[in-house]
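**Student:** If you scroll down you'll find the structure; I have some questions about it.
The values are calculated or read from the model by the stated rules, or taken from the named source; none is laboratory data. These numbers were taken from a predicted model, which means no experiment stands behind them. Ideal geometry is used to build each Cβ from the backbone, glycine not excepted, and the neighbour counts take in all protein chains shown. Areas reflect the complete protein model, heavy atoms only, side chains present, ligands, DNA and RNA absent. Shrake-Rupley method; radii C 1.70, N 1.55, O 1.52, S 1.80 Å.
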Amino acid sequence: MGCGRIADHGFLADGRSAVLVDRAGSVNWWCPARFDAPSVFARLLDDDAGHWVIRPEGRFSTERAYLTDTLVLRTVFTTANGSVAVIDALALEPGARGHEVGLRSPRVLARVVRGLSGEVRLRLHYRPRFEYGRMAAQLVRQDDALVAVAASARLDLRATIPLVCEAGEASGSFTVRAGETRGFTVGYAPAYGAGPPAMLDAEQVIDNAVAGWRSFMGLHDYRGLYRDQVLRSALVVQGMTYRPSGAMVAAPTMSLPEELGGERNYDYRYGWVRDFSFTLEALWRVACTDEVNLQIGWLARSMGVNEGIVPIMYGVEGERDLTEHHLDHLAGYAGSRPVLVGNDAWQQRQSDVPGEALAAAWLMREHLDPMPPPVRQLLRAMIERAEQDWHLPDAGMWEARGAARHYVSSKVQCWTALDRAVRFGSRLGSEADVARWAAARDEVRRAVLTRGWSDRLAAFTAAFDTDELDASVLLMPLVGFLPADEPRMRSTIRLIEDRLSHNGLLRRWEGDPAGFVICSFWLVSCLALTGERDRAGQLFERLADRANDLGLFAEQIDPYSGEALGNFPQAFSHIGLINAAGDLTDLDAGRHDLPPAPGRLIPSFQESGRPENDQRR
């Protein structure tokens, strides 16, 4: 494919949408209205689905990096005759700083070419395609812009070079010498009622984006281990947050395959409750608690009061119907079909959801005092759902599309919901409520310890009454269900590592085609909690080295070829890195006691910014 490998891409964001641009100067993904809207560039999924290229003519080599503490990408192209830098950024609202970054972004992509040495002949090729590549549009000159309108979208290209237009695309060649600069922008606006796209100077967009992202990062203070990797991951997670609502998407892309040529090609451009919980812990790790109210507010508004199955995912503005359908006109990344938009997992029962919601609330309880009525109502509904449904089969956290099963990790997270409910006590219920929740919690625990344990394997298993291994049970010590050094847990960790790990990458189950990055970081945390600090640190560093040259992780990595697979970048993977680094930091600082038996409270870690009496670790 013309777009190259998944890991060849850099990630740009503006608080509404994301751009992926490869190391050869091709913008291959942009859904400018919002993360989960139709694309205007989708070369990732089909060579004919739209792109915007600026690159040297002839042979060249590249080096690239983000400008420090930003999502502004600088790529240096070197040719036989000289070198140029191409600086790419999505525009932030002029003057937006700190927590205002991303709230009102103008939806403009800027590209600036700067001559560094000699002279370089470059070529620009602009080929917008609307509605996931279904529609081309005639390019019409209006004042100093090339305007394309199709369906509900309008794009304005502004260039400082002459362009030749034909058949819905534009191209041109130009030379840049040392010290010279050329600027280009593409602005988006809805086709009806919103006026034309914002008209911004490309160099000013770059300067403002640098200042905006640096002001945001200046608000966060992480002093633990692996600071550079943690802060880069925190910035990536922030870049995947839809700032108008607070929703964080699992990834900004859709249908990038878990296995080349395979069929598990899902749309991840939505907000998962599961990701929300782990995200709050990651934000807390990097002292980003000001974002908590925004994210909790999104979850409370999205979930509302539920009857029946609790939705496990939402559109970025809280939409529930995410019905999946095929885009048969697209070839798929590296021929991997079907290409899917929407995600039918929204209809599944996933019984771990209440546990994630209650775990997040417990972690952030100091920020929920006094507890807002909508949050209290939400948590009460989650507790009731865990109490009523824990004994039912579900789709599990890996969203299996076959028959529902009694997944152990789902039962453990029902325990987590009830355990945190008991700890909240009178803030969430009466004395009788708390007693009932405690009884249900203990019943769940007994069921997991009996039906979730295999004497033959000497391990906790994927589902009740089976002998199948699954990496999701590594969550058991991470939520405090059992200490990591408890003999059964230690045996489980050892067997999962022996059977599911290869080259430091942990698969979710036997037969999973690739290593799942967050599971691999869970193993780091579990090893640390068992006291194997050196091995945990070595594994962390091996995993961190698996990121691409910009520090970005996909969802999965092939343990043999090292190829990045799945949607990219993946929030879950970066959250796993942040939390594992935090666990190692706590352990080294003597603040990381092994989790106590359920029902006890661990000592205060208030001096490190950790909420007092937190059982999470």
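**Student:** Taking a probe of 1.4 Å, how large is the accessible area per residue of region 372-486, in Å²?
**Tutor:** Roughly 36 Å² per residue, with all protein chains present.
**Student:** Quick one: Karplus J couplings for region 146-161, per residue in order, coefficients 6.51, -1.76, 1.60, θ = phi - 60°, nearest Hz, x for Gly and Pro?
**Tutor:** Couplings: 9, 9, 10, 10, 8, 6, 9, 10, 10, 10, 10, 9, 10, 9, 9, 10 Hz.
**Student:** Oh, and also: With n ≥ 4 as the cut-off for DSSP H runs, can you work out [θ] at 222 nm for the chain, using -39500 (n - 2.57) per run divided by the number of residues, rounded to the nearest 500?
**Tutor:** Rounded to the nearest 500, it is -9500 deg cm²/dmol.
**Student:** Of 559, 529, 517, which is farthest on the positive side of the dipole of region 512-559, counting Cα position, with +1 on Lys and Arg Cβ, -1 on Asp and Glu Cβ, and the Cα centre as origin?
**Tutor:** Positive-end residue among those listed: 529.
**Student:** Rounded to the nearest percent, how much of the accessible area of the chain (1.4 Å probe, protein heavy atoms only) is carbon and sulfur?
**Tutor:** 47
**Student:** Continuing with this model, one more query. May I ask you to rank 426, 491 by accessible area, largest first, using a 1.4 Å probe over the protein chains only?
**Tutor:** 426, 491
**Student:** Okay, moving on. In cubic angstrom, how much convex hull volume per residue do the alpha carbon atoms of region 8-90 span?
**Tutor:** In region 8-90, the Cα hull volume divided by residue count equals 88 Å³.
**Student:** List every residue whose amide H lies under 5 Å from the amide H of residue 135, counting only residues 5 or more places away in sequence or on a different chain, with H placed 1.01 Å from N in the peptide plane.
**Tutor:** 130
**Student:** Please get the size of the charge dipole for the chain, origin at its Cα centre, with Cβ charges of +1 on Lys and Arg and -1 on Asp and Glu, quoted in debye to the nearest 20.
**Tutor:** With only Lys, Arg, Asp and Glu charged at Cβ, the dipole is about 560 debye.
**Student:** I would also like to ask the following. Just round it to a whole percent: the fraction of Cα-Cα distances in region 435-554 exceeding 22 Å.
**Tutor:** Percentage above 22 Å: 37.
**Student:** Out of residues 5 or more away from residue 154 or on other chains, whose amide H comes under 5 Å of its own, with H placed 1.01 Å from N in the peptide plane?
**Tutor:** Under 5 Å from the amide H of residue 154 lie the amide H atoms of 189, 191, each far enough along the sequence or on another chain.
**Student:** Which of rounded, prolate or oblate describes region 411-499 when judged by the alpha-carbon gyration tensor and an a/c cut-off of 1.5?
**Tutor:** In terms of gyration-tensor shape, prolate.
**Student:** Right, something else. Place +1 on the Cβ of every Lys and Arg and -1 on the Cβ of every Asp and Glu in region 386-482, take the dipole about the Cα centre, and give the residue among 459, 469, 412 whose Cα lies farthest towards its positive end.
**Tutor:** Among 459, 469, 412, the one farthest towards the positive end of the dipole of region 386-482 is 412.
**Student:** In addition: Taking the highest mean first, how do the peptides 58-68, 238-248, 113-123, 214-224 order by number of other beta carbon atoms within 10 angstrom per residue?
**Tutor:** Ranked by mean Cβ neighbours within 10 Å, highest first: 238-248, 113-123, 214-224, 58-68.
**Student:** Let me ask another. Grab the alpha carbons of region 141-203, take their convex hull, and tell me the volume per residue in Å³.
**Tutor:** Looking at region 141-203, the number lands at 83 Å³ per residue.
**Student:** Apply the Karplus parameterisation 6.51 cos²θ - 1.76 cosθ + 1.60, with θ equal to phi minus 60°, to every residue of region 246-251 and state each ³J(HN,Hα) to the nearest whole Hz, in sequence, with x for glycine and proline.
**Tutor:** Going residue by residue, I get x, 5, 10, 7, 5, 6 Hz, with x marking Gly and Pro.
**Student:** Can you compute the charge dipole magnitude of region 99-230 about its Cα centre, using +1 on each Lys and Arg Cβ and -1 on each Asp and Glu Cβ, nothing else charged? Give it in debye, rounded to the nearest 20.
**Tutor:** 280
**Student:** With θ taken as phi - 60° and the coefficients 6.51, -1.76 and 1.60, list the Karplus ³J(HN,Hα) couplings across region 100-110 in order, rounded to whole Hz; mark glycine and proline as x.
**Tutor:** In residue order, the calculated couplings are 7, 4, x, 5, 9, 5, x, 6, 10, 9, 10 Hz.
**Student:** Say the dipole of region 28-103 comes from +1 at the beta carbon of Lys and Arg and -1 at that of Asp and Glu; which of 96, 40, 56 then lies farthest toward its positive end?
**Tutor:** 56
**Student:** Sticking with this one: May I ask for the Kirkwood hydrodynamic radius of region 97-145, worked out over all distinct Cα pairs and given in angstroms to one decimal?
**Tutor:** Roughly 15.5 Å, rounded to one decimal.
**Student:** Another one. Assuming a viscosity of 0.890 mPa s and a temperature of 25 °C, what translational diffusion coefficient in µm² per second does Stokes-Einstein assign to region 335-446, Rh being the Kirkwood radius over Cα pairs?
**Tutor:** 165
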